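Undergrad: Here it is, the structure, as structure tokens.
The values are calculated or read from the model by the stated rules, or taken from the named source; none is laboratory data. All of these numbers come straight from a predicted model, not from anything done at the bench. Please note: Cβ atoms are built from the backbone with ideal geometry, for glycine as well, and neighbour counts cover all protein chains shown.
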Ligand code: NAD
């Protein structure tokens, strides 16, 4: 297949590499020249705009940071919808606001093209292995058309519902993971204060009701899980800033729906504070570093 690929950052690059390895002909575009050069080294052609990457493509994939980037890349001057051929399918794999997915899908339809949302979970290691979890929102026929290409990048492809539903599932998942990262960090700080060995506490929690994927794979305390970012100076992984963004999307969706949310905004603010103290580009499990105790001299 001829695939236009827009956004060749931390996730886009390994996803693109797997498409090239499977014999797809990929033409890439990124606004940052270094990111585009890295994609070219992986075997992709270089386009001068998102419109140029989309022109002549059977399918367009976008992997961009946030809602505003997706709007710019599709609807802006030189955007995907300027170049895309009639009837062609766009697959946005970024994590963004579901209402933006719907808006861009509407614009694609007016342009005679089609759009589905297909955000991912699993981070860079699973993007490299081609084993991402992919949650998809869109018309069932469009989803089936995209499935063989998605299967090159992911191991679990779940059709959630109409356009925007993939994003809803993604936000709900990251709400749980983001809150868990803060909760696990708080728990381990308390245990440390009492002198409890974090290795033993990990053993206890992993066999008890508090067990969570975040502790198993992204343990905030370094040296306990070899592959966890905490054992590698919190090199992401998934950055604190991206997790704060995703919790913000969940909070704003809840506000629109008038669903009361208490824990998610608290976790988001803790992550924002961690970011403003220099941990924004570190893995989100570094929130543990931020949650260090005050001096023993501080009044209780
Ligand atoms: P990134 O910042 O590393 O890459 C995004 C790329 O998009 C950058 O290279 C940037 O230059 C490019 N870009 C921005 N605006 C553009 C435009 N208008 N046209 C063309 N290119 C443009 O981000 P990432 O880590 O690859 O994440 C991408 C998306 O995947 C985000 O929505 C993120 O939430 C989601 N995600 C990331 C991870 C992870 O572990 N990194 C895991 C799951 C989901």
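Undergrad: Cβ-Cβ below 7 Å, separation at least six or inter-chain, first residue in the stretch 251-262 and not assigned by TED's automatic domain parsing to the domain that holds residue 97, second assigned to a helix (DSSP H, G or I): which pairs?
TA: 251/264; 251/265; 251/268; 253/98; 253/171; 261/251; 261/254
Undergrad: Output the residue which, of all residues in the stretch 171-181 that are free of Cβ contacts under 8 Å to residues at least 60 places away in the same chain and under 15 Å from the mean Cα position of the chain (by Cα), is nearest to residue 100 (Cα to Cα). I'd like the intermediate steps shown before the answer.
TA: So in the stretch 171-181, the residues free of Cβ contacts under 8 Å to residues at least 60 places away in the same chain come out as 173, 176, 180.
So of that shortlist, the ones also under 15 Å from the mean Cα position of the chain (by Cα) come out as 173, 176.
Values: 173: 19, 176: 22 Å.
Filtering first and then ranking leaves 173.
Undergrad: Follow-up question, since we're still on this one. Just need a number here: residues in the stretch 15-40 that are within 9 Å of the ligand (Cβ to nearest atom) and under 17 Å from residue 120 (Cβ atoms).
TA: The qualifying residues number 1.
Undergrad: Going through the stretch 68-95 one residue at a time, which ones are farther than 21 Å from residue 251 by Cα and within 12 Å of the ligand (Cβ to nearest atom)?
TA: Here is the first cut: in the stretch 68-95, the residues farther than 21 Å from residue 251 by Cα are 72-92.
72, 73, 74, 75, 76, 77, 78, 79, 80, 92, listed by residue number.
Undergrad: Within the stretch 138-152, is even one residue under 30 Å from residue 283 (Cα atoms), within 15 Å of the ligand (Cβ to nearest atom) and either at pLDDT 95 or above or surrounded by 16 or more Cβ atoms within 10 Å (Cβ to Cβ) (or both)?
TA: yes
Undergrad: In the list 26, 70, 91, 60, which residue meets the criterion of being touching a helix residue (DSSP H, G or I) at 6+ places or on another chain (Cβ under 9 Å), more than 22 Å from residue 139 (Cα to Cα) and buried (at least 17 other Cβ atoms within 10 Å of the Cβ)?
TA: Numbers: 70 fails: more than 22 Å from residue 139 (Cα to Cα); 91 fails: more than 22 Å from residue 139 (Cα to Cα); 60 fails: more than 22 Å from residue 139 (Cα to Cα).
Sole residue among the options that is touching a helix residue (DSSP H, G or I) at 6+ places or on another chain (Cβ under 9 Å), more than 22 Å from residue 139 (Cα to Cα) and buried (at least 17 other Cβ atoms within 10 Å of the Cβ): 26.
Undergrad: Those residues that are surrounded by fewer than 20 Cβ atoms within 10 Å (Cβ to Cβ) and either within 15 Å of the ligand (Cβ to nearest atom) or under 12 Å from residue 177 (Cβ atoms) (or both), I need them from the stretch 211-240; list them, please.
TA: Keep residues of the stretch 211-240 that are surrounded by fewer than 20 Cβ atoms within 10 Å (Cβ to Cβ), which gives 211-213, 216-217, 222-227, 231-233, 235.
Selection gives 212, 213, 216, 217, 227, 232, 235.
Undergrad: Only one of 184, 168 is farther than 30 Å from residue 100 by Cα, touching a residue at least 12 places away in the same chain (Cβ under 8 Å) and not in a loop (DSSP other than H, G, I, E, B). Can you tell me which? Working first, answer last.
TA: Values: 168 fails: farther than 30 Å from residue 100 by Cα.
The conditions single out 184.
Undergrad: Related question: Here are 119, 98, 65: which of them is in contact with a helix residue (DSSP H, G or I) (Cβ under 7 Å, 6 or more places away or on another chain), within 9 Å of the ligand (Cβ to nearest atom) and within 23 Å of residue 154 (Cβ to Cβ)?
TA: Numbers: 98 fails: within 9 Å of the ligand (Cβ to nearest atom); 65 fails: in contact with a helix residue (DSSP H, G or I) (Cβ under 7 Å, 6 or more places away or on another chain).
Checking each option against the conditions leaves just 119.
Undergrad: Can you go through 103, 126 and tell me which one is more than 9 Å from the ligand (Cβ to nearest atom) and more than 20 Å from residue 25 (Cα to Cα)?
TA: The conditions single out 103.
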